[in-house]
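Report on one structure; see the data block that follows.
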Amino acid sequence: MATISENADTFCRMVEARSREHHQAMQVALGNGWLAIAGSVLRMELDSMIRVIYLRQTPNARERILASCIAGEGFKDGQTRIPDRAMVEVATRVNGWVRAVYDFGNMFVHLTNMHDYAAVDPFQVYECRGDVLGFLNHYHRGKAASGPLGDNATLRDVAAYAPHVLDKITSNLVGYAEDLRAQVSR
């Protein structure tokens with residue numbers, strides 16, 4: 001039976017490998033104009049970060065969850081699956097922007113009107129567009145050639161920020177993974 005430290009190392013190695021693939025996939029997706037795929041990639045990277053944060057914040061369940069995940073049984077504490085929404089709540093307390101990115105990313109992971117972006121710009125009617133624009137302008141102002149995003153921003157305008165958002169999520173993810181490793185090795 002693996003130790004918690006070995007399971008944490010394996011888990012973090014899996015997260016890091018997944019992240020490398022996300023960065024490669026983002027380049028391909030945006031290079032081909034696949035905005036829904038780019039949104040899904042962001043959501044998957046965020047999924048990794050949310051899980052690492054959850055493990056950092058739940059030391060009493062950490063060993064069981066890691067063992068379950070490494071065994072291929074998913075994110076479970078014993079027999080109970082931990083819902084994504086519960087993990088998102090914990091992660092949002094650490095980073096206030098998590099919920100907005102998670103909810104927006106879900107629009108691309110699941111089949112929604114966002115997938116009709118070639119015919120109609122669904123971002124124009126997205127109910128939480130103000131949150132997305134606010135976070136993009138706060139954290140990524142000036143990083144895309146289009147400059148700050150205004151009320152008339154389109155999904156393509158938002159997509160120009162995707163690589164920067166991915167880098168932000170990844171930088172947080174790397175730091176949290178390092179912290180998780182340090183916590184379990186104490």
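The values are calculated or read from the model by the stated rules, or taken from the named source; none is laboratory data. The structure displayed is predicted, hence computed values, not measured ones. Neighbour counts run over all protein chains shown; Cβ positions are idealised from the backbone, glycine included.
Odds and ends about this structure:
- Per the listing Ala100, Ala160, Ala153, the residue uniquely under 17 Å from Ile53 (Cβ atoms), crowded, with 16+ Cβ neighbours inside 10 Å and free of Cβ contacts under 8 Å to residues at least 40 places away in the same chain is Ala100.
- First in segment 10-34 and touching a residue at least 12 places away in the same chain (Cβ under 8 Å) and surrounded by 14 or more Cβ atoms within 10 Å (Cβ to Cβ), second anywhere and outside any helix (DSSP H, G or I) and not polar (S, T, N, Q), Cβ under 8 Å, 6 or more apart: Thr10/Ala2
- The criterion of at least 2 residues that are among the β-branched types (Val, Ile, Thr) and modelled with pLDDT of 90 or more is met by the following helices (runs of 4 or more DSSP H) wholly inside segment 129-186: 162-184.
- Yes/no for Arg156 being under 17 Å from Ala100 (Cα atoms) and of a type in the set (Lys, Arg): no
- Residues satisfying the stated conditions in segment 42-86, i.e. more than 18 Å from Ala182 (Cα to Cα), basic (Lys, Arg) and surrounded by 15 or more Cβ atoms within 10 Å (Cβ to Cβ): Arg43, Lys76
- Restricting attention to segment 36-74, the residues that are under 16 Å from the mean Cα position of the chain (by Cα) and more than 19 Å from Ser171 (Cβ to Cβ) add up to 4.
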